Structure formats: structure tokens, C-alpha cells
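The values are calculated or read from the model by the stated rules, or taken from the named source; none is laboratory data. Bear in mind that the values here come from a model prediction, so they are computed numbers and not experimental data. Here the Cβ is made from the backbone with ideal geometry for all residues, glycine too, and neighbour counts use every protein chain on show.
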Amino acid sequence: MDSTEQRIKIAIQKSGRLTDHSLDLLERCGLKFTQSKDQLFCYGENMPIDLLLVRDDDIPGLVSDDVCDLGIAGLNVINEKRLGLLSSGGCAQFRQVFALDFGHCRLAIAAPYDVAYENVASLQGSRIATSYVQTLRHYLEKNNVQADIEYFSGAVEIAPKLGKADFICDLVSTGNTLTANQLVEVETVLQSEAVVIQTSAPLAEHKQQLVNRILQRLDGVLQVRESKYIMLHAPRSALAEIADLLPGSEYPTVIPLDSCDDKVAVHAVCRENVFWETLENLKEAGASSLLVLPVEKMLA
């Protein structure tokens with residue numbers, strides 16, 4: 001039952017801005033791994049789940065080709081692969097399952113400081129350097145703009161200085177690299193973050209059950225990312241006002257207090273952060289003995 005063919009494989013970025021976050025997320029799902037000497041493979045110790053550490057732009061292909069069952073990659077990479085397959089007459093054999101709320105960045109078009117730019121029509125007839133050819137082409141077509149796309153595999157920001165392009169289209173996080181190269185962001189092509197993708201190929205029943213189990217754990221971890229468990233005492237007469245003040249919560253659990261008829265204990269999971277102002281407002285409404293705890297795991 002524990003053969004290679006029966007183990008789940010998850011592809012993640014070998015090194016880069018998503019690597020540590022991806023490993024931390026899987027560890028929070030209760031998975032334990034032993035890394036191989038070449039650091040390209042992690043063997044699951046407590047569950048039949050292994051990790052392949054690969055280049056981020058290889059992840060969609062590995063999942064689409066059913067080499068891996070799940071993958072974690074940036075939406076920018078996923079989108080580029082999907083559009084590339086569509087343009088060649090194929091289709092992506094994977095589906096997006098979760099957005100993970102880390103690895104946030106954007107694919108943006110940037111112009112040199114000395115270029116007069118008004119709107120997307122200013123790109124007409126220009127040369128744009130990028131490594132995201134398919135995504136940029138789709139964006140230009142959607143905006144009825146004809147431009148020459150120049151493929152650059154790296155250091156895209158220097159293309160205008162080399163006379164190879166008028167504009168660039170590249171990933172932007174802080175914008176510091178653009179500023180260092182006298183470029184200014186002018187259009188956002190795609191908002192990106194880390195996502196989980198799953199193969200569209202049918203899985204054996206025991207593998208599908210294991211995939212469902214992992215996805216359920218991922219969902220539980222994501223649900224409590226900003227959640228807090230709040231406990232307090234409150235007069236019965238103030239319950240409605242206090243329930244309204246609890247951020248991102250369904251109606252709380254109300255528990256009678258043995259020693260007091262007119263007061264109750266209130267417990268609630270707040271799916272938004274609980275700020276000091278929230279606690280002060282609750283106290284002003286009549287709450288007392290307030291306690292806020294982090295939530296590590298939750299299954300709905």
C-alpha cells in the first residue's frame with residue numbers, strides 16, 4: 001500500500017519567495033518530511049505524501065502531466081502555462097483549488113521615466129520585453145492593442161536601456177527594482193499570489209481520499225490564518241450588542257454561569273483580527289474577563 005505509485009506527490013518551488021511559506025503551510029497541516037541529500041525530494045514520514053522541489057515554472061506541467069497530484073505555485077506561473085497550452089490547441093489538465101494568501105505580487109507593465117504615457121493605448125506599435133509572453137499577449141488582445149513582444153528570460157528591466165524594448169512587463173512586489181532602473185509602473189496585467197492546483201486526471205480511490213484529506217487540512221489552516229478565539233462574560237441584556245461587535249463571527253456560543261443568573265459566558269471564533277479597539281468597545285458594552293487566543297486548526 002506504500003509503493004511509489006500509491007503515494008501522493010506535491011510539487012513546490014525549490015528555492016524562491018514561495019518555498020519557505022509552502023513548507024511551513026504543509027507542516028501546519030501536520031506533515032513531517034525527511035529531505036534527500038540532493039535536496040530535490042522530501043519523503044513523508046507520517047503520511048504517504050512526498051514533495052518534489054522543482055523550478056516554479058515546471059510545477060504546472062508536472063501536475064498537468066499527472067507526474068504530481070498537487071502543486072503550489074504563483075498564479076502568474078499557472079496563468080502563463082494555461083494560456084500557453086490554449087494557444088497551442090491544448091488545455092491544462094489541472095484545476096485551481098485554493099488561493100493561499102502569500103506570495104502576493106503583480107505582473108505589471110512599466111515605462112522609462114522619460115516616456116510620456118497616458119493609457120493602455122500608448123502601448124500601440126511599441127516593443128515590450130517580458131518573460132510572460134502568453135499573459136501579455138492575452139492582455140494586449142483584450143485591450144485591442146498591437147505591439148511587438150520581445151522575450152527576455154531574465155533582467156527584463158534593463159531591456160529599455162539596451163534599446164531592445166520601449167516598455168517592460170515583469171513581476172513587481174515592492175517596486176524597488178523598477179525605481180533602481182528609472183522605470184515607473186503604468187499598467188497592472190495580473191494580480192498574483194500562491195495557489196494550489198490539483199491534477200484533473202482521475203485518481204485511485206485511496207489516493208483521492210488522501211488528496212481530499214490534505215485539501216481539508218489546508219482549508220482548515222487557511223480559515224484560521226487571521227482567526228482568534230475570544231471568550232468573555234457578559235450581561236444577558238447586552239448579548240445582541242456584543243454579538244454585533246465581534247468581528248467576522250457567526251452568532252457566538254452562549255453558556256450560562258452557575259454563580260450568576262444575569263450573566264453568561266460568550267465564546268466565539270472571530271475570522272478577522274481582534275484589535276485593542278474591539279476589546280475596548282466590547283468592555284464598554286458590558287463585557288468583562290475578556291480573553292483572546294490564537295486558533296491553530298479548525299475543521300468546519
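For this structure, a couple of remarks:
- Tally of residues being hydrophobic (A, V, I, L, M, F, W, C) and part of a helix (DSSP H, G or I) across the range 26-48: 1
- When restricted to residues that are aliphatic (A, V, I, L, M), buried (at least 18 other Cβ atoms within 10 Å of the Cβ) and out of contact with any Pro (no Cβ under 8 Å at 6 or more places or on another chain), the range 173-221 contains 10.
- Only helices (runs of 4 or more DSSP H) whose full extent lies in the range 55-151 are considered here, and the ones with at least 1 residues that are at pLDDT below 90 and more than 30 Å from G220 (Cα to Cα) are 75-87.
- The range 26-57, residues that are closer than 26 Å to S131 by Cβ and among the hydrophobic types (A, V, I, L, M, F, W, C): L40, L51, L52, L53, V54
- Among the candidates L51, L23, the residue that is touching a strand residue (DSSP E or B) at 6+ places or on another chain (Cβ under 9 Å), modelled with pLDDT of 90 or more, under 27 Å from V295 (Cβ atoms) and not in a strand (DSSP E or B) is uniquely L23.
- Residue satisfying condition, being within 29 Å of the chain's Cα centre (by Cα), within 30 Å of G30 (Cβ to Cβ) and free of Cβ contacts under 8 Å to residues at least 12 places away in the same chain, within set N273, N212: N212
- The set of residues from the range 64-80 being over 17 Å from the mean Cα position of the chain (by Cα) and either surrounded by 15 or more Cβ atoms within 10 Å (Cβ to Cβ) or outside the structural domain of Q13 (by TED's automatic domain parsing) (or both) comprises S64, D66, V67, C68, D69.
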